[in-house]
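Every number here is computed from the coordinates shown, using simple stated rules; none is lab data. As the structure is a prediction and not an experimental result, all values here were calculated from the model. Heads up, the Cβs are rebuilt from the backbone with ideal geometry, glycines too, and the neighbour counts pull from every protein chain shown.
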Amino acid sequence: MSDERLTALDASFLQGENESAPMNVGGVDVFAGPAPSIEDFATHLEGRLHLLPRFRQRIAPVPLGLGRPSWTDDTRFRLSYHLRHTALPAPGGLEQLQTLFARILEQPLDRGRPLWEMWLVEGVEGGRFAVLHKFHHSLVDGIASVDVLQTILDSEPDAESEHEPRSWKPQRGPSRVGLLAGAVAERIAPPELVSSLGTLARHPRKAAGRTAGAVAGLGTVVGRGALRFAPRGPYNRKVGPHRSFSWQSESLADFKAVKNALGGSLNDVVLGAVAGALGAHLRARGEATAGLELQVFVPVALRGASGEETGNQVSGLRMPLPVGMTDPIERFERINDAMEELKDSTEVVAGSTVIELSGLAPPAVGDRLAHIGDVQRYVNLVVTNVPGPPDKLYLLGRELESVFPMVPLGANLGLGVAIVSYAGGIFFGFTSDPDIVPDVDELPSLLHRSLEELADAVGVELSTPPTGVGDAAGRGEPWPGYDEQTVAEIASAVSELDEPGALERVREYERAHKDRKGVLEAVGS
């Protein structure tokens, strides 16, 4: 019989979901070359599904909501339901791909089936194709989603198919009575409590140390005032059902060069660049930023070396993002100091413990606790940075060029930033509610400009221009200072252009690097 109870953390992503805030993680994976046929892709994927057992399991809720749901084999599983196929209309620009992905993000996954989708998208500009992946957060965290991609893809372009499709027979799931009985047993002997008692019996020092760490962590949270409200800001309004998505790619070597010049960690430089971009974005919107520090939630992986590819093993920290500091070095130093203070912090243990303890509460109470996030004032946004594979990956011989990740939006978190490194690149995904952040397409250029400020301050020469996905990826700015101008300034300059080919240079550069709607409209694209 197939029956495995969701953990408290996995279940929390189901409890906190609503129509305006689907808890999906995912990304846009752009590949070189022509797309494989949907039949070949399906055969390839089917040969890997035995390595991803959760991808053929669905959620089995406990009647009356009296306990956490279980994973159970989907007796109606059909790969064709989860693997979709579409094509972009010509010219297949990046803005079209971003819009398609945003529309897909808006749709909640069907809880009566395994909680994932993949879309094979043909017709991407430059003779490319894309795979859009969407997984429910109860199924994977950020690192696990990268592990899933590595399971599906190959490390060599000419790799033979290592996994032939295997026959699969779903196991019978528990009955309603069985689910209720399991819920009652869980109330009597909660798994978290049993696990803790088992650890105490086998490793009393370890258990005592963990308990002390959790208590110390909770004390640290209160002592540092981390339970105080985050500042009010334009990113924090009730999130609606619509999404916008934009992205930026940079050289990982550039970030490492800046890190080596400044000291600190690579993540400090990433957060420093994000802080600079958000500060510039707020000031462009007329917001006062002097002395402003947004509070961001930074997930922290707790995943060990077990090799498990699904589920959530993550906690997190709240830290200040000094968007009001205009000096790039001061911004970096503030972030570095904050991270040093939080390094090896018992707050991570405390955060994990709070989630585990929530699993001991009666389900009705747990559901209400999950919806506290609807009105939370703890953080202003989530910034998550996941290390990806350092070497190239391939799908049926086609090279994966770019991976643009997304983070789901909470009930009043109108902007989220996700980052993943891959094969010498670092890829940023910006997700927003367009009614809260209508100009999310401005953030990629602001991010690059923020990195330039850091690099200039320490004498590092960046790779310019940043790597794009279109045909014009290797071309420079249409004119000196182009990347420093706003959309309005570029549109004004475009109206005065009379040089042959100038409009086409702007059009190609935008499609490759920025893909801003306002500029493309100005050049008649």
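What does the net charge come to around Leu395 if you take all other residues with beta carbon closer than 13 Å to its beta carbon, with K and R at +1 and D and E at -1?
That sum, taken over residues with Cβ under 13 Å, equals -3.
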Open item on the list: So if the hydrodynamic radius of segment 482-522 is defined as the Kirkwood radius over C-alpha pairs, what does Stokes-Einstein give as its diffusion coefficient at 37 °C and 0.692 mPa s, in µm² per second?
Closed with: 321 µm²/s
TODO: Calculate, for Gln485 and Lys238, the FRET efficiency according to 1/(1 + (r/R0)^6) with r their C-beta to C-beta distance and R0 22 Å; round to the nearest 0.05.
DONE: 0.05
Task: Mean projected area in nm² (Cα convex hull; one quarter of hull surface) for segment 237-280 - done: 4.5 nm²
Task: Added length on full extension, which subtracts the Cα-Cα distance from 0.36 nm per residue, Arg103 to Gln171 - done: 21.0 nm
TODO: Express in nm, to one decimal, how much length is gained between Leu497 and Asp40 on full extension, taking 0.36 nm for each residue of separation and deducting their alpha carbon distance.
DONE: 159.7 nm
Task: Residue order, fewest to most surrounding Cβ atoms within 10 angstrom, among Glu452, Glu489, Glu442, Glu496 - done: Glu496, Glu489, Glu452, Glu442
Open item on the list: Counting other C-beta atoms within 10 Å, and keeping those with at most 13, which DSSP coil trypsin sites (Lys or Arg not before Pro) do you find in segment 51-86?
Closed with: Arg76, Arg78
TODO: Sort segment 4-176 into rounded, prolate or oblate with this rule: let a ≥ b ≥ c be the square roots of the eigenvalues of the Cα gyration tensor; rounded if a/c is under 1.5, and if a/c is not under 1.5, prolate when a/b is larger than b/c, oblate otherwise.
DONE: oblate
